[in-house]
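Just so you know, all these numbers are worked out from the coordinates, no wet-lab data involved. Bear in mind that the values here come from a model prediction, so they are computed numbers and not experimental data. Please note: Cβ atoms are built from the backbone with ideal geometry, for glycine as well, and neighbour counts cover all protein chains shown.
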Amino acid sequence: MSEKTERPFLEGWFARDEAGAHLVGARCTSCGTYYFPSQSRFCRNPACDGEQFEEVALSRRGRLWSYTNACYQPPEPFISPDPFVPFAIAAVELERERMIVLGPVVQGVDVDALQVGMSMELVIETLSETPTERHLAWKWKPAV
Amino acid sequence: MSSKDIAILGVGMHPWGKWGRSFIDYGVAAARAALRDAGVDWRAVQFVSGAATIRNGYPGQVAGATFAQALGWQGAQVNTSYAACASGSQALAAARSKILSGECELALVIGSDTTPKGFLTPAKGERPDDPDWVRFRLGITNPTYFALYARRRMALYGDTVDDFALVKIKNSEHGFGNPNARYRKRFTAAEVAASPMVANPLRLMDVCATSDGAAALIVSSLDYARRVGRADAPQVAAISTVTPTFASAIIEMPDIATDSAVAAEAHSFRAALPAKAYEEAGIGPRDVSLAEVYDLSTALELDWIEDLQLCGRGEAAALLRSGATRVGGRIPVNPSGGLACFGEAVPAQALAQVCELTWQLRGQAGARQVNGATVGITANQGLFGHGSTVVVKR
């Protein structure tokens, strides 16, 4: 297998530090509302006119709010392996941020292994590949 | 608040299906059917209110003017509304405003769609600023969201996939004799269970298709209705097109995350739509004879029943099992057959719901007639914070 270039499928949406993987969000310095995806323009809380934001690492762990899977190949811009491999999708509730974040579930974990309310953690894994590139994304994984 | 009501003099539809023709053809057919039903000459219509989708909007074909031209330019005022699944309701709201302000007495409200095959997909190109692009890049399609809601019901309330199948069976029974429905086949539990899984726990028979179709209404002031001997025509008693209230409680298409509810309480958008309509109509859930709701999936019909307050939260599956939501039951839901039998034709769908309520309130719904229907309510929700509820009464 030849060496492929690795890159995030979206620049700046997630990162890895010494503690592990996290989503890169923003927090309104006026009212404390979190944002994912991150933003730096204006707070969407109708009671707040804040325009100052700090970049924050969102919680790495949360509770599984709900889950499903993709049994059929999604349309473009999804980049599918050939043949398509079904994968699970999780909606995870972050306690500190009081927000639900969607993401694919890591390869090899089927819906049978998931249960609403279970603890999930964020990891970075390959989302898609081309002959020359490997695209990374955030994914959810049952926490150990 | 009867002074805020308008009359529905005529309704018409072009049957739903995959006909492979222009949306203009379907729209003209629906408009002419509504004009005939109302006994109104096209040249008497003073306002044309078109419901659009981006597929059928600019460039080249803006809904309102496109239909006005196809029916024959006759100098009417014109409007086009785009509001995703609520486009039809917003077009109706525009007509109501014109009528209640005294700017016109008689209006045509019309929506029509020609849909592509398969998944509804985002526009082309690498566009990471568009949440629709991001979610499809991750493999998150529309059925993903419906399945997340369905699984959540199973975990919270103990709903089962058999309950979801029962919604399909009920709606297929309702739509079986509806000449405007695309799918006219009675389904069994075994057939639903044998259909391929799309997004666990939802199977193909749990998820609605996309269709071609058109629906049109002829609406007027109450005074005009009286003058033409139609004082008994069904009336639009409320149109709710409210936005969500920050922060969102439920993950909504096409978002990848909900709002953070750190600084503001979380609110359900779906529940807010009928709440505003009940308030505006001055009625409550107990007054409702029937409901037409947006069953994009079988499980979503159960969410809507609770959002409409037709039963308590978590009790919709029990209501379904009791037979109450069937035609002949206490509170029939989707007597038309719903999206399960129609498939979604975005700018036409909210108006199709109003057509069904009108036929039901006139007692013209044939085998699917809800006996003694006096108040009907619709509910739908789509992309980008758009949704609507319409109340029709007589």
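Inverting the mean 1/r over all pairs of different Cα atoms, compute the Kirkwood radius of the range B:1-107 and quote it in Å. Let's see the in-between values first.
Values: mean 1/r = 0.0698 Å⁻¹.
About 14.3 Å, per the Kirkwood formula over Cα pairs.
I'd like to know which of B:GLY125, B:GLY64, B:GLY111 lies farthest towards the positive end of the charge dipole of the range B:40-158, counting +1 on Cβ of Lys and Arg and -1 on Cβ of Asp and Glu.
Value: B:GLY125.
Per the protein assembly as shown: cysteines with no other Cys C-beta under 4.7 angstrom?
A:CYS71, B:CYS85, B:CYS104, B:CYS208, B:CYS311, B:CYS341, B:CYS355 - these cysteines have no disulfide-compatible partner (Cβ-Cβ under 4.7 Å) in the protein assembly as shown.
Using the Karplus equation 6.51 cos²θ - 1.76 cosθ + 1.60 (θ = phi - 60°), what ³J(HN,Hα) coupling, rounded to whole Hz, does each residue of the range B:180-190 give in order, writing x for Gly and Pro?
My calculation for the range B:180-190 gives 8, 6, 7, 9, 10, 8, 7, 9, 9, 4, 5 Hz in order.
Which residue, B:GLY102, A:GLY62, B:MET197, has the largest displacement toward the positive end of the dipole of the protein assembly as shown when charges sit on each Cβ (Lys, Arg +1; Asp, Glu -1)?
B:GLY102
Would you tell me the mean number of C-beta atoms belonging to other protein chains that fall within 10 Å of each C-beta in B:258-271, as a whole number?
On the way: counts 11, 10, 19, 7, 11, 12, 8, 1, 3, 0, 0, 0, 0, 0.
For this peptide, the per-residue mean of nearby foreign Cβ atoms is 6.
Give the long-range amide H neighbours of B:ARG182: residues separated by 5 or more places, or on another chain, with amide H under 5 Å away, using H modelled in the peptide plane at 1.01 Å from N.
Those lying under 5 Å, H to H, from B:ARG182 are B:TRP16, B:PHE342.
Where nothing but the Cβ of Lys and Arg (+1) and of Asp and Glu (-1) is charged, how large is the charge dipole of chain B around its Cα centre, in debye to the nearest 20? Don't jump to the answer; show the numbers that get you there.
Working: 38 positive and 36 negative charges, 196 e Å.
Dipole size: approximately 940 debye.
Within the set of other residues whose C-beta is less than 15 Å from the C-beta of B:ALA281, count the net charge using Lys and Arg as +1 and Asp and Glu as -1. Mind showing how you got there, number by number?
Values: positive: B:LYS4, B:ARG96, B:LYS276, B:ARG286, B:LYS393, B:ARG394; negative: B:ASP5, B:GLU279, B:GLU280, B:ASP287.
Residues near B:ALA281 contribute +2 overall.
What are the ³J(HN,Hα) values, in whole Hz, obtained from phi via the Karplus relation 6.51 cos²θ - 1.76 cosθ + 1.60 with θ = phi - 60°, for each residue of the range B:194-210 in sequence order, with x given for Gly and Pro?
Running phi through 6.51 cos²θ - 1.76 cosθ + 1.60 with θ = phi - 60° gives 8, 6, x, 5, 9, 9, 3, x, 8, 9, 3, 6, 8, 10, 7, 8, 10 Hz.
Could you work out the mean projected area of the convex hull around the alpha carbons of the protein assembly as shown, in square nanometres to one decimal?
On the way: hull surface 101.2 nm².
Result: 25.3 nm².
Using only the alpha carbons of chain B, what is the convex hull's orientation-averaged projected area in square nanometres? Please list the in-between numbers first.
Details: hull surface 74.3 nm².
That works out to 18.6 nm².
Give the long-range amide H neighbours of B:HIS267: residues separated by 5 or more places, or on another chain, with amide H under 5 Å away, using H modelled in the peptide plane at 1.01 Å from N.
B:ALA247, B:SER248, B:ALA249
Using alpha carbons only, how many degrees (0 to 90, rounded to 10) separate the axis of helix B:298-307 from the longest principal axis of chain B?
Compared with the principal axis, the helix lies near 70 degrees.
I'd like the Karplus ³J(HN,Hα) series for the range A:100-108: coefficients 6.51, -1.76, 1.60, θ = phi - 60°, whole numbers in Hz, and an x wherever there's a Gly or Pro.
Values per residue, Gly and Pro as x: 9, 10, 8, x, x, 8, 3, 4, x Hz.
Work through the residues other than A:ARG27 whose Cβ is under 9 Å from its Cβ and net out their charges, Lys, Arg +1 and Asp, Glu -1. Numbers along the way, then the final one.
Working: positive: none; negative: A:GLU54, A:GLU55, A:GLU97.
Net local charge, A:ARG27 excluded: -3.
Once you average over the residues of B:143-155, how many Cβ atoms of partner chains fall within 10 Å of each Cβ?
Values: counts 5, 8, 5, 1, 8, 9, 3, 2, 9, 5, 1, 2, 7.
Counting other chains' Cβ atoms within 10 Å and averaging over B:143-155 gives 5.
Applying a 10 Å radius around every beta-carbon, put B:160-166, B:326-332, A:109-115 in order of their mean neighbour count, most first. Each step should come with its number before you reach the end.
Working: B:160-166: 19.3, B:326-332: 17.4, A:109-115: 15.0.
Per-residue Cβ counts within 10 Å, averaged per peptide and sorted highest first, yield B:160-166, B:326-332, A:109-115.
How are the alpha carbon pair distances in chain A distributed across 5 Å bins from zero to the largest one, expressed in percent?
In order of increasing distance, the bins hold 2, 9, 17, 19, 18, 16, 10, 6, 2, 1, 0 percent.
Taking B:LYS185 as the anchor, which lysines have their alpha carbon closer than 23 Å to its alpha carbon, excluding any fewer than eight residues away along the same chain?
B:LYS18, B:LYS117, B:LYS168, B:LYS170
Assuming 1.567 mPa s and 4 °C, estimate D for the range B:203-281 with Stokes-Einstein, Rh taken as the Kirkwood radius over Cα pairs, in µm²/s. Present the calculation step by step, with values, prior to reporting the outcome.
Values: Rh = 16.8 Å.
Rounded to a whole number, D works out at 77 µm²/s.
Please label the shape of the range A:84-133 as rounded, prolate or oblate, based on the square roots a ≥ b ≥ c of the eigenvalues of the alpha-carbon gyration tensor (a/c under 1.5 means rounded; beyond that, a/b larger than b/c means prolate, else oblate).
Values: a/c = 2.96, a/b = 1.61, b/c = 1.83.
Oblate is the answer for the range A:84-133, as a/c is 1.5 or above yet b/c matches or exceeds a/b.
Find out how many positive minus negative residues lie around A:PRO86, taking Lys and Arg as positive, Asp and Glu as negative, among other residues whose Cβ is under 15 Å from that of A:PRO86. If you can, show how the numbers build up before the last one.
Numbers: positive: A:LYS139, B:ARG203; negative: A:ASP82, A:ASP110, A:ASP112.
Residues near A:PRO86 contribute -1 overall.
What does the average come to when, for each residue of peptide A:40-47, you count the partner chain Cβ atoms lying within 10 Å of its Cβ? Provide the component values of the computation, followed by the final result.
Details: counts 0, 0, 0, 2, 5, 8, 4, 3.
Mean inter-chain Cβ contacts per residue within 10 Å come to 3.
Which angle from 0 to 90°, rounded to the nearest 10, does the C-alpha axis of helix B:161-175 make with the longest principal axis of chain B?
Approximately 20 degrees, to the nearest 10.
When a/c reaches 1.5 or more, the comparison of a/b and b/c decides; with that in mind, is the range B:123-183 rounded, prolate or oblate per its Cα gyration tensor? List each step's numbers first, then the result.
Working: a/c = 4.98, a/b = 1.53, b/c = 3.26.
Cα axes put the range B:123-183 in the oblate bin.
Using Stokes-Einstein with the Kirkwood hydrodynamic radius over Cα pairs, what translational diffusion coefficient do you get for the range B:308-394 at 37 °C and a viscosity of 0.692 mPa s, in µm²/s rounded to a whole number?
On the way: Rh = 13.9 Å.
Approximately 237 µm²/s, per Stokes-Einstein.
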